[in-house]
Structures are given as structure tokens and as C-alpha cells.
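Structure first, then comments.
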Amino acid sequence: MAMRVVALAGNPNVGKTTIFNALTGMRQHVGNWPGVTVEKKEGVFEHKGERFLVVDLPGTYSLTAHSVDELVARNFLLNGNPDVVVDVVDATAVLRNLYLTMEIFEMGLKNVIIALNKVDLAEKKGIKIDPVKMSKALGVPVVPLNAKEGAGIEELKEKIWEMAHGMIKTNPVLPRYDPEVEREIEHISKCLAGTELADRYPLRWLAIKLLQRDDEVMKLVLRYLGEEKLKEIMTHIGEAEERYGRAMDLIIAGQKYEFIDGLTHEFMGYGKAKETLTDQLDRILVHPVYGFIAMAFVFYLVFKFVFAFGMPLQGILDDAFGRFGEWVAPHIANETLRGLLVDGVIGGVGSVLSFFPLVFLLFLALSFLEDLGYMARVAVLMEGILRKFGLPGKAIIPLILGLGCNVPAVMATRTLDEEKDRLVAMFVNPFIPCSARLSVISFLVGAFFGGDALVALAIYLLAFAVALLSAKLVSRFVSGEESPFVIELPEFLLPSWKSLLLHSWERSKEFVQKAGTVILVGSIIIWYLSNYPVPMGTGKSYAERLGHLVAPYLNLMGLDWKAGVSLIFGIIAKENVISTYSILYGGLTGDALKKAMMSAMSPLQGFVLAVVTTLYVPCIATIGAVRAESNWKWALAVTVYMITVASLLGILIWHVGTAMGL
Amino acid sequence: MIVPLLSLVPGERGVVVDLRGGPNFRSRLYAMGLAPGAVVRVLENYPRGPVIIEVGGTRLALGKGMASRVFVRKL
């Protein structure tokens, strides 16, 4: 027998993920909903010897056709045939949460359980809810929960089981509207009654959605009943709106809340609300001055945390793989096979896995701030500034993460709500100099400018300026509406560690799987190019020939074939730029290499090389991440765009610099 | 008196009477609790920042542009 399916629905910030984790534990899988970049989480739990598949729907405030998240959730509820729908309701904001509940009821779903979360917090805020009366008022079971502490989870499983076995009769309450609105609903219902469309979807839901001018339902009418019918219905709605003097969806929403408000009086009472810690904190955290200071401090801590723990771990893993390679090498007689395995495969896998600690810690820190509720404050602070460049305030997070590593930064763009914002944010992210480029920049600045920090700072500022201006440019070409800026500032809540670890683990695992293959293939190509037909250093390897091939182009910006080879290898990982120079100069390193480069290049050339290395192309892991979060076409577009921008800037700086006699 | 939400100072309250904007704007707002009839209290209204409000037990931050298109009857 197929597993029974439980759909988990609810608003954002209601603790839905915590409930999902408490239900399914480690038995979960993160993927994407087909055709869209919306995260899909599925998990399994067992109760009374039976296994249930839990599908975590995107957290939404309603089920309109205006956003991908809402459409995904709605389509699953309509067409996914869930056996049970668990609707998570935040006890501290029942009125708003029940708006979604009413939308679910209006879809004609009967097997619904309300998981009433954060009951303890509500009580602290002076809100008293009687779950028994609530259940009576809504016509479906209500299970009070404190998901963070695991309270109520067993009861929820039991109720799901009972409902799946048809042991619970429900009678979901449907919102009643004013007589005039009800008349409109009835009229449209009559127009649709008896048609094929009415067999597939609940009549009342269709009618209400049409009154709200829902795009998807209008398309359905067009497909099933033709243009005539749709026109007839829409004309009728237009006339009704004329009479009211305002949009029908607004009237329906207002009356729906009125109805919900009436319901809540039957089971909810307000005491005296005290000022919470969140109220006090918000006076600082979203303040236009103190807020920025606090934000700088928080991100500083995140960086400290990630790099203080991540860098040594990365070193240890790198070392371990290096030693493993050395240990394996003597055991392979065939020279080609040895090179391929040791330099290509082991080196490649090693560099992927050595990223793992950094990525994991970054996700851990980010999930912590997200679940805590702090990210919403950051979004509010940055909205005013970033919106000028076509990005939402939340996009500051990937931009800052990029300073560490662009791979998790690109993955972090998925926290942005609009597809358009995601695409733009991941497009410009690779311009942000990651820690690998920091090592190149500091080496070159050390060699050519005596380590002048101002030169390094200038390169960073240039990179940020390029990223922001590119965002402004690209956002004009990506279709999609600008997201209206309204965001919930949830109550601060310490996340559960179990949930954080689980989430970060899943995401980092995904990184290894997705970026891993690209890096592996890249390492094998590098190994091949630098060893065939003869090893590098002779001037005859494929790598060096490639360097000479691109040299005429690089000459335009004052660079030579050596830069060509280095930059090509830098595509695999940016720190390769320096190590390749080292090989080309016969193995010189450190100060000796600096001296050799200084005698071969002018400071201006050194500066151009630093700028070009910073901007010229995303590293292969980042290309892989962009592809994973969007598609190949977008990843290619980013790459081509960056090469263009870096070339233009390189040529410009070189020529202006020479003209100025530098 | 019907005024834009933007004109309220911290501490003032109002009842939402109208949302003047496109369908996406409207549905976004009322799904988050800002529907006609909802009682709103302004917590902060920064000169160069967002408007922070409380509605239905939750706190929302709105851009200035949005807050100027939400009309309330001052309480």
C-alpha cells in the first residue's frame, strides 16, 4: 500500500519547520518542486506501525496566484491529494493565521488538523485560547503544541493517524460574507454549475477566486469553458465592482477577517499584554542608526565564527587529502592512471570536501539568524539602500557572505522571496571578492605596493561598486514585478539546535552533491592540461599553449601569456592564480616569487592583474552553484558578463594608467 | 478622518479602510492582516526608514511607498 500523505501548511515564522523536524527527525529529504526553485522538503514518520509521508509546503500567508510559493502550496493542496492537511497556526497571531486556514477550508478540504503552536508564548502575551472551543468553532480537530520542546507531537501523530483512518468526522466552517457578496458567489456558481470544471474543483472556491480575479482560475475557465463564458463572468464582476466602488477582492478579504474575528470571540480571550523583549530589542535593531551598528557587529561575529572554526578544518581536510594522495601514489604503477587519480580525482574530491566545513558553518550561522528572526530586521534596514540598485534589503546577506565564499552565498539567495530578486542577486554575487581572492589580492598588493592596505581597499570598493551597478543594470532585463516591501518582524525566538544542525547539514550536503561534480570535472581538466603532452614548465604543455593563445587579448590590458595560464587555472579556484605563477617561475614562492614578478611587471600591471583576477569569472564551484540555483543559461550569462566587465575595466585601467605615465 | 497610514505618528492607531494599489499589492497586504477593518497601531515611523506597525498581534515593517497607499480612519 502506498504511504499516506500529510501536507504541512502554515504562515511563515510559525514554527512549521520545527514541527516538520519534530515529526520526521532525520528521515527527510530536501529537493525542489518541479519546474521552480522553491525548496521542497519531504520526510517520513511512523505511527502505530504505519508510515506517513510528510510534505512541507512553502510557508505562505495566503493561497493566491501572485507568488510562486503560494501557487506551489495551493496546487499541492488541490491536486496532490493529501490524505491529511496539518495547518500550523501561531497562537500569538490567530486572526491572521486563520486567514490561510479559511482559504484552505474554502478549497473544500475536509481532512484538516490545526496544529496550534507557540501556546506558551501566547499566554505570556496575555492571549488565552481554549483548544476545545476552538475545535468546535472551526469544525476540525485542534492540537496545542510547543514544537520547540516537542510537546504535543505524539498527540498530533495520533490525530493524523485517526484522521487518515477515517475515524474523525470534520465539518470545516466556511466564511460567510454579506448578502450582496453571497449573491455574487451564488450567481457565478450557477454560471459554472454542471460544467466539467465544476467536477474538478469546488464550486464555491472557483466562484470566490473568480471574484478575486485570480489569474490561474481565470485561465482554467478559459480552458474549460471558453472565452465567451469567461468574458461573461468577468463583465458581471466588473459591474458588481462598479456598484461597490472598489475591488471585490478587497471586500472579500475584509469580510473574511470580520468573520474570523467573530469566530475567535468563541474561543479566545485577551488579557493585558506586556511589552516583550522583542519590542525593546526592535527599538535598536531596526533603528536607522543603531540598527546598522548592531548589524555590523552581528555580521562581524558571524565571520569570526565561520572562519575561526572553518579555516583550520579546511586546512586539516586539505592536508588529509594531500597525504592520502601521497599514500596512494606509489601503489599505482601506471603513470597516467596515477596522475588522474591522485591529482585529478583525489585532489578534486579533496577540494570539494575541504569546502564542506566552511559551507556548513555558514549555513549554521545563517539558519540561526534566520530562525531567530534577525534576518527580517536586516532586510528592513537594508531595503532603502539596496532597492536603489534593484535588489531587496534581504540581498545584503548573500552579498556579505560572498566575502567568505561565493558558493554558499549564491545558495543563500534562495532566501529571497521573488524569483527576479534571486536571479539578480546570484548574478552579481561572484563579483564580491571571496577569501580565495583575498589571498591573491594581498599577495599582489604585497608585491607591487608594499602591502598598502588602501590599494587593497580600493579593489574591494571597486568590486562592490561593480556588483551593485551590475544589479541595477541586470534587474532591468529580468522580468518580474518589484516585490512590494512589507515584511513580518517575528517575535525573537531561540531556535532549537537539533533543527539548526539538521537544516545546515541538509543544505551543505546538497552543496557537495551539486558543486562537487563540477569541481571534480574541473580538476581533471586542469590535471590534463598541465601534464599533456608534456608537463608544464617546458612551455609546451596544453596549458602554456592556451596561455599563448589568449596572450594577444591580454596584451590589450598589459598582461602576458603567464597571466593567461594563471587566469585559466584560476577558474578552478582563484587561489590558483598565484600558485600557477609559482610553477611558471620554476617553483619560486613567497618573497622570491614577489621579486621575480616585480622585475617582470610594473605596479600598474600588477594592479590590473589584481583587478582582473577579482572580477574576471566566477570560480567553477560558483558557476556550479549558480547553475544549481537557476539553470545553465544563467550560469553561462554570468560568466560571459563577468569576463566582459573585467576585460573592459582591465583595458581601461591599463590605458588610462599608461596615459598618466604610471 | 481618513489619512494615509504614513501620516500616523508612533502610538497612534487607525482602522484600515482602503488599500490603493494593484492586485499584487492588495493581496500581499491583506494576507498579512492589513485588510479593511483591521486595527493598526504605528510603533515607529522613521523619517528615512520603514514604518513599523502592529496589526493582529504581529509586527510588520512597510516601505514608505506602501504605507502611503494604505488608508486608515484615525482612532
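The values are calculated or read from the model by the stated rules, or taken from the named source; none is laboratory data. None of these values were measured; they are calculated from a predicted model. With ideal geometry, Cβ positions are generated from the backbone for all residues, glycine too; neighbour counts draw on all protein chains shown.
Go through the stretch A:400-419 and report how many residues are part of a helix (DSSP H, G or I) and surrounded by 24 or more Cβ atoms within 10 Å (Cβ to Cβ).
Taking the stretch A:400-419 as the starting set, the residues that turn out to be part of a helix (DSSP H, G or I) are A:400-401, A:406-415, A:419.
Okay, now just the ones that are also surrounded by 24 or more Cβ atoms within 10 Å (Cβ to Cβ), so A:401, A:406-413.
Total satisfying the criteria: 9.
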Provide a single number: the residues in the stretch A:46-77 that are out of contact with any Lys or Arg (no Cβ under 9 Å at 6 or more places or on another chain) and either assigned by TED's automatic domain parsing to the domain that holds A:Trp205 or of a type in the set (A, V, I, L, M) (or both).
4
Could you tell me whether the stretch A:644-662 includes any residue that is surrounded by fewer than 20 Cβ atoms within 10 Å (Cβ to Cβ), within 30 Å of A:Thr517 (Cβ to Cβ) and not small (Gly, Ala, Ser)?
yes
Considering every residue within the stretch A:162-170, establish whether at least one is without any contact (Cβ under 8 Å) to a residue 60 or more places away in the chain, away from chain B (no Cβ under 14 Å) and touching a helix residue (DSSP H, G or I) at 6+ places or on another chain (Cβ under 6 Å).
yes
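Answer yes or no: is there a residue in the stretch A:265-279 that is farther than 26 Å from A:Ala198 by Cβ, among the aromatic types (Phe, Trp, Tyr), part of a loop (DSSP other than H, G, I, E, B) and more than 8 Å from every other protein chain (Cβ to nearest Cβ). Walk me through it before giving the result.
To start, the set of residues in the stretch A:265-279 that are farther than 26 Å from A:Ala198 by Cβ comprises A:265-279.
If we keep only those that are among the aromatic types (Phe, Trp, Tyr) as well, we get A:267, A:270.
With part of a loop (DSSP other than H, G, I, E, B) added as a condition, the list becomes A:267.
Next, only the ones that are more than 8 Å from every other protein chain (Cβ to nearest Cβ) stay: A:267.
The answer is yes, given that some residue of the stretch A:265-279 is farther than 26 Å from A:Ala198 by Cβ, among the aromatic types (Phe, Trp, Tyr), part of a loop (DSSP other than H, G, I, E, B) and more than 8 Å from every other protein chain (Cβ to nearest Cβ).
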Matching entry among A:Arg176, A:Arg183 (being more than 14 Å from every other protein chain (Cβ to nearest Cβ) and either under 33 Å from the mean Cα position of the chain (by Cα) or assigned to a helix (DSSP H, G or I) (or both)):
A:Arg183
All but one of (1) in a helix (DSSP H, G or I); (2) within 36 Å of the chain's Cα centre (by Cα); (3) not basic (Lys, Arg) hold for A:Pro618, so report the exception by its number.
(1)
Yes or no: the stretch A:227-241 includes at least one residue that is within 14 Å of another protein chain (Cβ to nearest Cβ) and either under 24 Å from B:Met32 (Cα atoms) or under 33 Å from the mean Cα position of the chain (by Cα) (or both).
yes
For the condition within 20 Å of B:Gly22 (Cα to Cα), surrounded by 19 or more Cβ atoms within 10 Å (Cβ to Cβ), free of Cβ contacts under 8 Å to residues at least 60 places away in the same chain and out of contact with any Cys (no Cβ under 7 Å at 6 or more places or on another chain), what is the one hit in A:Leu203, A:Leu250?
A:Leu250
Which residues, counting only those in the stretch A:260-276, are of a type in the set (S, T, N, Q) and either at pLDDT 95 or above or closer than 30 Å to A:Pro172 by Cα (or both)?
A:Thr264
Go through (1) of a type outside the set (Lys, Arg); (2) more than 27 Å from the chain's Cα centre (by Cα); (3) within 18 Å of A:Met382 (Cβ to Cβ) and name the single condition A:Phe292 misses.
(2)
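Looking only at the stretch A:379-395, which residues are away from chain B (no Cβ under 11 Å) and either on the phi > 0 side of the Ramachandran plot or assigned to a helix (DSSP H, G or I) (or both)?
Here is the first cut: in the stretch A:379-395, the residues away from chain B (no Cβ under 11 Å) are A:386, A:388-391, A:394-395.
The answer is A:Leu386, A:Lys388, A:Phe389, A:Gly390, A:Lys394, A:Ala395.
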Scan the stretch A:1-12 for residues that are out of contact with any helix residue (DSSP H, G or I) (no Cβ under 8 Å at 6 or more places or on another chain) and of a type outside the set (A, V, I, L, M, F, W, C) and report the count.
1
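Among the residues of the stretch A:538-568, which ones are small (Gly, Ala, Ser) and surrounded by 15 or more Cβ atoms within 10 Å (Cβ to Cβ)? Walk me through it before giving the result.
Here is the first cut: in the stretch A:538-568, the ones small (Gly, Ala, Ser) are A:539, A:541, A:543, A:547, A:551, A:558, A:563-564, A:566.
A:Ser541, A:Ala543, A:Gly547, A:Ala551, A:Gly558, A:Ala563, A:Gly564, A:Ser566 - these are the residues of the stretch A:538-568 that are small (Gly, Ala, Ser) and surrounded by 15 or more Cβ atoms within 10 Å (Cβ to Cβ).
Among the residues that make up the stretch A:467-475, is at least one of them modelled with pLDDT of 90 or more, closer than 30 Å to B:Gly65 by Cα and of a type in the set (Ser, Thr, Tyr)? I'd like the intermediate steps shown before the answer.
Filtering the stretch A:467-475 for residues modelled with pLDDT of 90 or more gives A:467-475.
If we keep only those that are closer than 30 Å to B:Gly65 by Cα as well, we get A:467-475.
Retained after the next criterion (residues that are of a type in the set (Ser, Thr, Tyr)): A:470, A:475.
Yes.
Being assigned to a strand (DSSP E or B) and facing another protein chain (nearest Cβ under 7 Å) is the filter here; which residues of the stretch B:47-75 pass it?
Step one: filter the stretch B:47-75 for residues assigned to a strand (DSSP E or B), giving B:51-55, B:58-62, B:70-74.
If the condition is that a residue be assigned to a strand (DSSP E or B) and facing another protein chain (nearest Cβ under 7 Å), then B:Ile52, B:Thr58, B:Arg59, B:Leu60, B:Ala61, B:Leu62 are the ones that fit.
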Considering the stretch B:19-43 alone, what residues qualify as being touching a residue at least 24 places away in the same chain (Cβ under 8 Å), more than 7 Å from chain A (Cβ to nearest Cβ) and either part of a loop (DSSP other than H, G, I, E, B) or not basic (Lys, Arg) (or both)?
B:Arg20, B:Gly21, B:Leu34, B:Val39, B:Val40, B:Val42, B:Leu43
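Residue-wise test of (1) more than 18 Å from the chain's Cα centre (by Cα); (2) within 19 Å of B:Met32 (Cα to Cα).
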site	(1), (2)
A:Ala2	yes, no
A:Asn13	no, yes
A:Thr17	no, no
A:Gln28	yes, no
A:Asn32	no, no
A:Phe45	yes, no
A:His66	yes, yes
A:Ala73	no, yes
A:Asn79	yes, no
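State whether one or more residues within the stretch A:490-498 are in a helix (DSSP H, G or I) and more than 30 Å from B:Met66 (Cβ to Cβ).
First, pick out the residues of the stretch A:490-498 that are in a helix (DSSP H, G or I): A:497-498.
Right, trim to more than 30 Å from B:Met66 (Cβ to Cβ) and you get A:497-498.
Yes: one or more hits.
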Members of the stretch A:312-336 that are surrounded by 15 or more Cβ atoms within 10 Å (Cβ to Cβ) and aliphatic (A, V, I, L, M)
A:Leu313, A:Leu317
Only strands (runs of 3 or more DSSP E) wholly contained in the stretch A:1-60 count here; list those with 1 or more residues that are farther than 22 Å from A:Glu155 by Cβ.
A:28-32, A:39-47
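I want to confirm something. Restricting to the stretch A:480-504 and keeping residues that are away from every other protein chain (no Cβ under 14 Å) and under 19 Å from A:Glu629 (Cβ atoms), which single residue is modelled with the lowest pLDDT? Please lay out each step first, then the result.
Kept after step one, since they are away from every other protein chain (no Cβ under 14 Å), are these residues of the stretch A:480-504: A:494-504.
Now restrict to residues that are under 19 Å from A:Glu629 (Cβ atoms): A:503-504.
Details: A:His503: 80, A:Ser504: 84.
Within the stretch A:480-504, the match that is modelled with the lowest pLDDT is A:His503.
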